[in-house]
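Notes follow the structure.
Where a number appears in this text, it was derived from the coordinates with a stated rule and is not lab data. All values derive from a computational prediction rather than experimental measurement.
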Amino acid sequence: GAGVSQSPRYKVAKRGQDVALRCDPISGHVSLFWYQQALGQGPEFLTYFQNEAQLDKSGLPSDRFFAERPEGSVSTLKIQRTQQEDSAVYLCASSLGSGVGELFFGEGSRLTVL
Amino acid sequence: GQQVMQIPQYQHVQEGEDFTTYCNSSTTLSNIQWYKQRPGGHPVFLIQLVKSGEVKKQKRLTFQFGEAKKNSSLHITATQTTDVGTYFCAATTSGTYKYIFGTGTRLKVLA
């Protein structure tokens with residue numbers, strides 16, 4: 001497809017379960033970002049990749065959160081032992097270059113932890 | 001950490017009225033972007049400002065970057081119902097690619 005694709009669109013997990021969220025960026029885009037957006041709030045930065053290198057993971061809220069982009073394309077955000085406070089929409093965005101530029105967002109993955 | 005504040009949090013206007021949202025930072029910004037998010041949707045890029053004092057226009061939308069590069073504004077002239085949504089600014093500081101999003105301004109336009 002032409003845009004950023006995220007899956008699953010919706011995920012319901014029981015507290016304590018592990019989840020994996022996938023992001024397929026626009027082909028050729030160097031930069032990839034993960035954001036967490038709680039209801040009624042702005043997107044909160046989680047982590048940034050430049051190709052396969054994770055250059056900034058300062059926004060990951062705990063060591064339960066882990067992200068990877070092993071081949072510099074598809075990325076996975078993994079949350080271990082989910083907690084209720086992890087409930088949010090997880091947005092993936094990609095941009096063409098390694099510097100500043102337009103972020104193209106996916107539709108997001110809405111995670112609900114019961 | 002770095003914070004980007006936006007005001008107002010909410011704005012209700014009658015169709016045809018003007019609307020302005022402001023974005024403020026305590027630190028000097030490298031660049032600022034503006035995004036629009038429709039209810040249930042994802043953020044969509046509107047514009048990027050890089051230079052001190054820069055002003056850009058897109059039809060009824062006017063974007064401004066402050067002289068000190070610590071604030072920005074988005075002004076919509078003669079709002080339409082299609083302008084409904086939440087407007088976010090997103091900024092970076094020198095030496096980082098991390099875009100910090102503002103708190104957002106939710107706009108409702110009454111027909």
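The spacing between the range B:90-111 and the range B:36-89, judged by their C-alpha centroids, is 9 Å.
Strictly over 25 Å apart at the Cα level, which of B:Lys69/B:Lys108; B:Lys70/B:Lys98; B:Lys69/B:Lys98 would you flag in this model? Beyond 25 Å between Cα atoms: B:Lys69/B:Lys108.
Amide H contacts under 5 Å for A:Ala67: A:Lys78, restricted to partners 5 or more places along the chain or on a different chain, H placed in the peptide plane at 1.01 Å from N.
Too long at a 20 Å Cα-Cα cut-off: which of B:Lys36/B:Lys57; A:Lys14/A:Lys57; A:Lys57/B:Lys36? Violating the 20 Å Cα-Cα cut-off are A:Lys14/A:Lys57; A:Lys57/B:Lys36.
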